[in-house]
Amino acid sequence: MNGFNVFEESLRQVSNKLGTFKLKVQDENFEIFESHVHAGRSIICQPYECEDALNSVYVIRGKLYHSNEDRYISSGSWFTFKNLEETQHLSVVEETSLLTIRNKNITEHQLDFMERIVPFMDEIQLKDHYTDEHCNRTGNLAVQIATFMKLDEVVIENILFLGKIHDVGKIKISESILNKPSRLTDDEYDIIKTHPQLGYEIIKHLVDYTHYAEIVRQHHERIDGSGYPDGLKSGEICMEAKVIAVADSFDAMTSDRPYRAGLSLEDAMSEMKRCSGVWYDPDVVNALLTILERTKKIK
Ligand SMILES: [Fe+2]
């Protein structure tokens, strides 16, 4: 018998489009957590998860890419995080099963938030396939950028939770506009531009912490004040929204739409450079470009 099959029951189990998460063993200062995470998703490990604690992860099957260390981790290996100074980012390359053992009890908090957010991801998926895929890619890239920039761990976690649903307001917009196979008219574009405010209202009713709703509301603001809905300038826009804006725009530029082909990687990188310091925060753009150069090298 495989030693990892001994825990038949789960104390708590959450299954969603990210994967399946099972809390197996828990007491005040200890937990064992099993997860099956789908390819294309991101896993992060925050310094607070490992403060004075050990977070050991065994890869039962699958493959991960550890962005901080620029290396792959395959099935059969362990990795351990302890007293981290920066957030660790892992991209899930193949369907992956993990067993996490840690001497700190934090999983329930993470599962609680996941349970509240994921239904909205499902709703986005039902409404509009492009928006769903775009939100996923944007969320993953935004977390990677934030990790690379060594932003505050709370900021990174906010991006992890909200990056994937930043366009949630679009569930209130007519499918005929969202899925229109040709360019939008000015009036239709004005309707699309209401989605940050619509998203703000959805998130505000979902969680007490209004900063989450603000992040969603600000993701189309531009640092020169030319964005919407409020025309905020650099110092008025929260860091989470600045990071999501860069990941969002880059993904939109490189995606094919029915009415236009996406830009090549090189052209999109030039375009981001051109708009750096005008629309986008230059530090965030620099982080994105460095990550893209690195990824190109690995491929
Ligand atoms: Fe948006």
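Nothing in this text is a laboratory measurement; each read-out follows from the coordinates by a stated rule. Note that the structure is predicted; figures quoted are calculated from it, not measured. Don't worry about glycine lacking a Cβ; one is built from the backbone with ideal geometry, like all the others, and counts go over all protein chains shown.
Some points to look at:
- Structural size metrics of region 160-299, computed from C-alpha coordinates, are Rg and Dmax of 15.6, 44 Å.
- On Cα atoms only, tilt of 282-298 relative to the major axis of the chain in degrees: 60 degrees
- Among Thr254, Thr210, Thr185, the residue with the largest mean-square fluctuation in a Gaussian network model of the chain, with springs joining Cα atoms closer than 10 Å, is Thr185.
- Entry note, the chain: the mean residue ellipticity at 222 nm calculated from DSSP H runs of n ≥ 4, each adding -39500 (n - 2.57), is -13500 deg cm²/dmol after division by the residues and rounding to the nearest 500.
- Met253, Met149, Met239 arranged by Cβ crowding within 10 Å, fewest neighbours leading: Met253, Met239, Met149
- Entry note, the chain: relative contact order of 13 percent, from Cα contacts under 8 Å with a spacing of 6+ residues.
- Degrees separating the helix 129-148 axis from the principal Cα axis of the chain, which is the longest one: 70 degrees
- The share of Cα pairs per 5 Å bin across the chain, counted from zero up to the longest distance, runs 1, 5, 11, 15, 18, 17, 13, 9, 6, 3, 1, 0, 0 percent.
- Sorted by Cβ density within 10 Å, fewest first, the residues His38, His219: His38, His219
- By the count of neighbouring beta-carbon atoms within 10 Å, fewest first, Thr87, Thr194, Thr100 end up ordered Thr194, Thr100, Thr87.
- Using alpha-carbon coordinates, inclination of helix 239-254 to the longest axis of the chain, degrees: 70 degrees
- Semi-axis lengths (Å, descending) of the ellipsoid that matches the C-alpha gyration tensor of region 3-105: 20, 18, 12
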